[in-house]
1. Surrounded by 13 or more Cβ atoms within 10 Å (Cβ to Cβ) and either touching a residue at least 40 places away in the same chain (Cβ under 8 Å) or in contact with a His (Cβ under 7 Å, 6 or more places away or on another chain) (or both): does that describe Ile129?
2. Looking at Leu60, Leu120, Leu65, which is the one that is open to solvent by 60 Å² or more (accessible area, probe 1.4 Å), among the hydrophobic types (A, V, I, L, M, F, W, C) and within 25 Å of Gly19 (Cα to Cα)?
3. Name the pairs whose Cβ atoms lie under 7 Å apart, with the first residue in segment 79-108 and without any contact (Cβ under 8 Å) to a residue 12 or more places away in the chain, the second among the polar types (S, T, N, Q) and part of a loop (DSSP other than H, G, I, E, B), and 6 or more positions between them or separate chains?
4. Does Glu68 fit the bill of being over 22 Å from Asp27 (Cβ atoms) and free of Cβ contacts under 8 Å to residues at least 40 places away in the same chain?
5. Which condition from (1) at pLDDT 95 or above; (2) of a type in the set (Gly, Ala, Ser); (3) open to solvent by 30 Å² or more (accessible area, probe 1.4 Å) is the one that Ala40 breaks?
6. For segment 98-110, give me each residue that is among the polar types (S, T, N, Q) and open to solvent by less than 20 Å² (accessible area, probe 1.4 Å).
7. Mind listing just one residue for me: the one in segment 6-23 that is of a type in the set (A, V, I, L, M, F, W, C) and over 19 Å from Gly46 (Cβ atoms) and, of those, nearest to the chain's Cα centre (by Cα)?
8. Kindly check whether there is at least one residue in segment 81-97 that is surrounded by fewer than 17 Cβ atoms within 10 Å (Cβ to Cβ), out of contact with any Gly (no Cβ under 6 Å at 6 or more places or on another chain) and more than 24 Å from Asn59 (Cβ to Cβ).
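The values are calculated or read from the model by the stated rules, or taken from the named source; none is laboratory data. Keep in mind the model is a prediction, meaning the values are calculated, not measured. All Cβ positions, glycine included, derive from the backbone under ideal geometry; neighbour counts span all protein chains shown. Note: accessible area is taken over every heavy atom of the protein model, side chains too, but ligands, DNA and RNA are not part of it. Shrake-Rupley method; radii C 1.70, N 1.55, O 1.52, S 1.80 Å.
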Amino acid sequence: IREEINHKQGIGFSLKSIGVLYYYKGDYEKAVNYLKKFFAIQKEIGIKESDLNTITYLNLANKQLGNEYDEKEIHTLIKEQEYIEYRVNLRLFQLFEDKSYLETAHNQIQEKVDAMDDELKEKFINYPIPKQIIEEYNKVFNPPS
(Lines give C-alpha, C1' and ligand atoms only; values in the text may rest on other atoms or scores of the structure.)
Protein backbone atom coordinates (compact mmCIF):
# COMPACT_ATOMS: atom_id res chain seq x y z
CA ILE A 1 0.00 0.00 0.00
CA ARG A 2 2.81 2.41 0.88
CA GLU A 3 4.40 1.76 -2.51
CA GLU A 4 1.06 2.23 -4.30
CA ILE A 5 0.59 5.66 -2.74
CA ASN A 6 4.34 6.42 -2.95
CA HIS A 7 4.66 7.10 0.79
CA LYS A 8 8.48 7.13 0.87
CA GLN A 9 8.84 7.49 4.62
CA GLY A 10 6.43 4.59 5.16
CA ILE A 11 8.26 2.47 2.61
CA GLY A 12 11.49 3.21 4.44
CA PHE A 13 9.99 2.23 7.77
CA SER A 14 8.78 -1.08 6.27
CA LEU A 15 12.20 -1.78 4.74
CA LYS A 16 13.89 -1.08 8.08
CA SER A 17 11.48 -3.40 9.92
CA ILE A 18 11.99 -6.19 7.39
CA GLY A 19 15.77 -5.74 7.59
CA VAL A 20 15.72 -6.03 11.38
CA LEU A 21 13.54 -9.14 11.15
CA TYR A 22 16.02 -10.74 8.75
CA TYR A 23 18.82 -9.84 11.14
CA TYR A 24 17.07 -11.71 13.96
CA LYS A 25 16.37 -14.64 11.64
CA GLY A 26 20.10 -14.84 10.93
CA ASP A 27 19.76 -13.99 7.24
CA TYR A 28 22.38 -11.25 7.34
CA GLU A 29 22.62 -10.77 3.58
CA LYS A 30 18.92 -9.94 3.33
CA ALA A 31 19.20 -7.78 6.46
CA VAL A 32 21.98 -5.74 4.85
CA ASN A 33 20.03 -5.48 1.61
CA TYR A 34 16.84 -4.17 3.24
CA LEU A 35 18.65 -1.85 5.64
CA LYS A 36 20.67 -0.33 2.80
CA LYS A 37 17.42 0.28 0.91
CA PHE A 38 16.03 1.98 4.03
CA PHE A 39 19.01 4.33 4.17
CA ALA A 40 18.74 5.03 0.42
CA ILE A 41 15.14 6.15 0.90
CA GLN A 42 16.12 8.23 3.94
CA LYS A 43 18.72 9.98 1.80
CA GLU A 44 16.25 10.40 -1.07
CA ILE A 45 13.73 12.18 1.16
CA GLY A 46 16.42 14.28 2.82
CA ILE A 47 16.77 12.60 6.21
CA LYS A 48 20.34 12.44 7.53
CA GLU A 49 21.69 8.98 8.36
CA SER A 50 21.62 9.49 12.12
CA ASP A 51 19.55 6.48 13.11
CA LEU A 52 22.11 4.87 15.44
CA ASN A 53 19.81 1.93 16.15
CA THR A 54 19.40 0.96 12.49
CA ILE A 55 23.03 1.69 11.59
CA THR A 56 24.04 -0.62 14.42
CA TYR A 57 21.85 -3.41 13.01
CA LEU A 58 23.37 -2.85 9.57
CA ASN A 59 26.88 -3.04 10.95
CA LEU A 60 26.13 -6.08 13.10
CA ALA A 61 24.83 -7.86 10.00
CA ASN A 62 27.95 -6.80 8.09
CA LYS A 63 30.11 -8.04 10.96
CA GLN A 64 28.35 -11.42 10.85
CA LEU A 65 29.07 -11.62 7.12
CA GLY A 66 32.72 -10.71 7.64
CA ASN A 67 32.24 -7.42 5.80
CA GLU A 68 33.97 -4.24 6.81
CA TYR A 69 32.02 -1.41 8.40
CA ASP A 70 32.82 2.14 9.42
CA GLU A 71 33.50 2.15 13.17
CA LYS A 72 34.40 5.84 13.06
CA GLU A 73 30.95 6.71 11.67
CA ILE A 74 29.26 4.83 14.51
CA HIS A 75 31.44 6.44 17.16
CA THR A 76 30.60 9.85 15.68
CA LEU A 77 26.89 9.04 15.91
CA ILE A 78 27.33 7.83 19.49
CA LYS A 79 28.90 11.16 20.44
CA GLU A 80 25.94 13.00 18.88
CA GLN A 81 23.39 11.11 21.00
CA GLU A 82 21.96 12.69 24.08
CA TYR A 83 20.81 9.32 25.39
CA ILE A 84 21.32 5.76 24.13
CA GLU A 85 18.69 3.30 25.28
CA TYR A 86 19.48 -0.13 26.68
CA ARG A 87 18.54 -1.99 23.47
CA VAL A 88 21.05 0.00 21.44
CA ASN A 89 23.71 -0.31 24.14
CA LEU A 90 23.32 -4.09 23.95
CA ARG A 91 23.83 -4.01 20.19
CA LEU A 92 26.83 -1.70 20.55
CA PHE A 93 28.33 -4.20 22.98
CA GLN A 94 27.72 -6.97 20.44
CA LEU A 95 29.28 -4.88 17.68
CA PHE A 96 32.36 -3.57 19.47
CA GLU A 97 32.66 -6.16 22.26
CA ASP A 98 33.16 -3.23 24.62
CA LYS A 99 31.92 -4.22 28.08
CA SER A 100 31.08 -0.62 28.99
CA TYR A 101 28.05 -0.73 26.65
CA LEU A 102 26.80 -3.90 28.30
CA GLU A 103 27.34 -2.40 31.74
CA THR A 104 25.40 0.72 30.74
CA ALA A 105 22.56 -1.40 29.34
CA HIS A 106 22.43 -3.44 32.54
CA ASN A 107 22.38 -0.28 34.67
CA GLN A 108 19.54 1.13 32.55
CA ILE A 109 17.56 -2.08 33.03
CA GLN A 110 18.21 -1.97 36.76
CA GLU A 111 17.03 1.65 36.98
CA LYS A 112 13.80 0.73 35.21
CA VAL A 113 13.27 -2.31 37.42
CA ASP A 114 13.91 -0.31 40.59
CA ALA A 115 11.07 2.03 39.64
CA MET A 116 8.54 -0.78 39.01
CA ASP A 117 6.21 -2.67 41.29
CA ASP A 118 7.04 -6.35 41.87
CA GLU A 119 4.49 -7.78 39.44
CA LEU A 120 5.68 -5.58 36.60
CA LYS A 121 9.37 -6.24 37.39
CA GLU A 122 9.00 -9.95 36.74
CA LYS A 123 7.28 -9.38 33.41
CA PHE A 124 9.80 -6.77 32.29
CA ILE A 125 12.96 -8.73 33.13
CA ASN A 126 11.56 -11.71 31.24
CA TYR A 127 11.04 -9.76 28.02
CA PRO A 128 13.62 -10.96 25.47
CA ILE A 129 15.95 -7.96 25.40
CA PRO A 130 16.09 -7.18 29.14
CA LYS A 131 16.49 -10.91 29.79
CA GLN A 132 19.31 -11.13 27.24
CA ILE A 133 21.07 -8.13 28.80
CA ILE A 134 20.86 -9.61 32.30
CA GLU A 135 22.08 -13.02 31.13
CA GLU A 136 24.92 -11.55 29.08
CA TYR A 137 25.92 -9.26 31.95
CA ASN A 138 26.06 -12.20 34.34
CA LYS A 139 28.20 -14.18 31.87
CA VAL A 140 30.63 -11.33 31.36
CA PHE A 141 30.81 -9.83 34.85
CA ASN A 142 29.86 -12.77 37.10
CA PRO A 143 31.11 -15.89 35.33
CA PRO A 144 30.54 -19.19 37.11
CA SER A 145 33.52 -20.33 39.17
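1. Here the answer is yes, as Ile129 does meet what is asked.
2. Exactly one residue qualifies, and that residue is Leu65.
3. none
4. On the way: over 22 Å from Asp27 (Cβ atoms): no; free of Cβ contacts under 8 Å to residues at least 40 places away in the same chain: yes.
Criteria not met by Glu68.
5. (1)
6. Scanning segment 98-110 gives a single hit, Gln108.
7. Val20
8. For segment 81-97, residues surrounded by fewer than 17 Cβ atoms within 10 Å (Cβ to Cβ), out of contact with any Gly (no Cβ under 6 Å at 6 or more places or on another chain) and more than 24 Å from Asn59 (Cβ to Cβ): absent.
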